Amino acid sequence: MAVEGSHGNEGLLLGKPAEEPEQPITENSLLEILDGIVMMYNLSVHQQLGKMVGVSDDVNEYALALKDTEEKMSRCPKRRRDIYDELVKSQKVFSEKLNHLSRRLAWINVTIYSKEKMQDIYWLLQVCIRTIEHGDRIGSLFAFMPEFYLSVVMNSYSALKNYFSPVNSMEDLPGYEVTLTRLAAILAKHFADSRIVGTDIRDSLMQALASYVCYPHSLRAVERIPEEQRISMMKNLLAPYEQRPWAQTNWILVRLWRGCGFGYRYTRLPHLLKTKPEDANLPSLQKPCPSTLLQRHMADLLRSDREMAPSFLNSVLNQLNWAFSEFIGMIQEIQQAAERLERNFVDSRQLKVCATCFDLSVSLLRVLEMTVTLAPEIFLDWSRPSSELLLRRLAQLLNQVLNRVTAERNLFDRVVNLRLPGLESVDHYPILVAVTGILVRLLVDTDFQGAERATAVLLADPCFQLRSIQYLLGHTEPLVLGAASPAADKKHFSLQSYTDYISQEELAKVEQMLGHLSEESKQAAASTLPTSEEDLCPICYAHPISAVFKPCSHKSCKACINQHLMNNKDCFFCKATITGVDDYIKPATS
């Protein structure tokens, strides 16, 4: 199809370029070439680079198999010539395959993972960084920038960090530190940028930032970006979790904290090292590298913004309640399937979701521990709005988790003892040390008034059981008359068994906490007068009436009305709009 003009040379046939004017190649043409290069890397080159890494994995696998075979040959008895001959055949096969793969890997390292190719990808990374920075500075131009520039800036950095080492190191590239900082600024600013509408690219930016804060070099780059940008990033991370992908946000906060929490310095899950110390294939975690600078920004934001703190923490508590409830529901199904005579196969996807819910519960507890440590006044300074409610909600959830996990011969114990593949991370240690960290911060590492308030709220919760706290140090329940005695060889959980991961100072604080709660619970039991039913809260029947509503004068306990007013302003009973809540003082009886 032709588009004709008034003169013959103005017409353009589809697929035929117009006559070139007598001038050098235009800037637009160079930009089109650059767009093509970036798009080609996004569509094909990055995937091919990743595939080549598989050869290195195959070399390692065959090298281990060859080593194992040669060790078996050295141990093979001389009289078993038949076994020895089979091992020799296996050795020959593994040796030939390893020789072939090693030559292929050498060729790949010289031609594909070469220093020259690394410099080419580094140039591409810098071009994408400059393009994104320029589009952002112009403002309106940013909306017209192709999304694949953002994809390539993340993928090219990932390739430089993961594919070219150890033959070539990214740290040797010119301007490496400056480039890391510029990339950190892009991730910190744009992971929550409302101008980016694509869900996939937003998730990729969030994941890239989560990976970035895992490693010391890139985390320090985040710390080098301007203070205003760092504070803005933390503010976006502390936005309420509802109606957005919150799990990745939570992982980022956890990674900024890991290494500072109670018993939270391990690189391999301690309970797995206890049960399988010889297994070299256990999942390994990145070495902790917490950021005290970003923690300080978080504490300042939560202290200064009195609306941000309750909205953020209520969303964390809501998600913890959801994640742990889902986890309990799933392990009930897994236990029922395991008890059936036909031994039904448990779907591996169900096991994976169950483990994910457990890991999410642990990470949410760690974020709460981080908050309690950095800004305890959010829970303990009751002159702040919602502080008392937040503390009561926190105590309620902690007691629920403790009771579920520490009860003797309970559902959690039975599923853990099944040792199902896919549930390796599910155990007492990760979740109990996270809960213990929060309790120690509230009851031991705080001033007298704060500890007094936290103790009173914890003991007032109907779910509180001192036995759950005793369980942490290996104290077992007293034997009930007529009950079967526990197996003599049954090993009870105790934090004292993990001295490689929990310091003596931390253990001493747990013992101090247990002594304090034991004494306080005795005093509370001795001083508590029996409460008549008419004096109990008509909503929960767990606490005495302590609040009276305005203007209708209906009554409940403070915990119930505070929780209700978060989402609803109508009276429980008459639906009148509540304009205020006063302390209830029971009239003296004559």
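Looking only at the stretch 478-497, how many residues end up being among the acidic types (Asp, Glu) and either open to solvent by less than 80 Å² (accessible area, probe 1.4 Å) or at pLDDT 85 or above (or both)?
0
For residues that are more than 26 Å from Cys557 (Cβ to Cβ) and open to solvent by 90 Å² or more (accessible area, probe 1.4 Å), scanning just the stretch 498-538, find the one that is modelled with the lowest pLDDT.
Asp500
So that you can scan it fast, the table gives a plain yes or no per residue for (1) open to solvent by 70 Å² or more (accessible area, probe 1.4 Å); (2) in a loop (DSSP other than H, G, I, E, B); (3) free of Cβ contacts under 8 Å to residues at least 60 places away in the same chain; (4) farther than 22 Å from Trp382 by Cα:
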{"site": "Tyr541", "(1), (2), (3), (4)": "yes, yes, yes, yes"}
{"site": "Cys560", "(1), (2), (3), (4)": "no, no, yes, no"}
{"site": "Phe573", "(1), (2), (3), (4)": "yes, yes, yes, yes"}
{"site": "Ile585", "(1), (2), (3), (4)": "yes, yes, yes, no"}
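Answer yes or no: is there a residue in the stretch 365-376 that is open to solvent by 30 Å² or more (accessible area, probe 1.4 Å), on the phi > 0 side of the Ramachandran plot and either in contact with a Pro (Cβ under 7 Å, 6 or more places away or on another chain) or part of a helix (DSSP H, G or I) (or both).
No - not one qualifying residue is present in the stretch 365-376.
May I ask you to list the residues in the stretch 552-590 that are of a type in the set (S, T, N, Q) and either out of contact with any strand residue (DSSP E or B) (no Cβ under 9 Å at 6 or more places or on another chain) or modelled with pLDDT under 75 (or both)?
Within the stretch 552-590, Ser553, Asn562, Gln563, Asn567, Asn568, Thr589, Ser590 qualify.
Starting from the stretch 143-155, take each residue that is in a helix (DSSP H, G or I) and list its partners that are among the basic types (Lys, Arg) and surrounded by fewer than 24 Cβ atoms within 10 Å (Cβ to Cβ), counting only C-beta distances under 9 angstrom and pairs at least six apart or across chains.
What qualifies is Ala143/Arg195.
Applying the selection to the stretch 43-94, what residues are at pLDDT 85 or above and of a type in the set (Ser, Thr, Tyr)?
Hits for the stretch 43-94 are Ser44, Tyr62, Thr69, Ser74, Tyr84, Ser90.
In the stretch 143-168, which residues are open to solvent by less than 30 Å² (accessible area, probe 1.4 Å) and in contact with a Leu (Cβ under 8 Å, 6 or more places away or on another chain)?
Residues satisfying the conditions are Leu150, Val152, Val153, Met154, Ser156, Tyr157, Ala159, Leu160.
For the stretch 382-403, what are the residues that are surrounded by fewer than 18 Cβ atoms within 10 Å (Cβ to Cβ) and either without any contact (Cβ under 8 Å) to a residue 24 or more places away in the chain or in a helix (DSSP H, G or I) (or both)?
Answer for the stretch 382-403, where residues must be surrounded by fewer than 18 Cβ atoms within 10 Å (Cβ to Cβ) and either without any contact (Cβ under 8 Å) to a residue 24 or more places away in the chain or in a helix (DSSP H, G or I) (or both): Ser383, Gln400, Asn403.
In the stretch 346-364, which residue that is more than 13 Å from Ile328 (Cα to Cα) and open to solvent by less than 10 Å² (accessible area, probe 1.4 Å) is nearest to the chain's Cα centre (by Cα)?
Ser363
The values are calculated or read from the model by the stated rules, or taken from the named source; none is laboratory data. Bear in mind the structure is a predicted one, so any value in this text is a computation, not a measurement. With ideal geometry, Cβ positions are generated from the backbone for all residues, glycine too; neighbour counts draw on all protein chains shown. These accessible areas exclude ligands, DNA and RNA; they are computed on the full protein's heavy atoms, side chains included. Shrake-Rupley method; radii C 1.70, N 1.55, O 1.52, S 1.80 Å.
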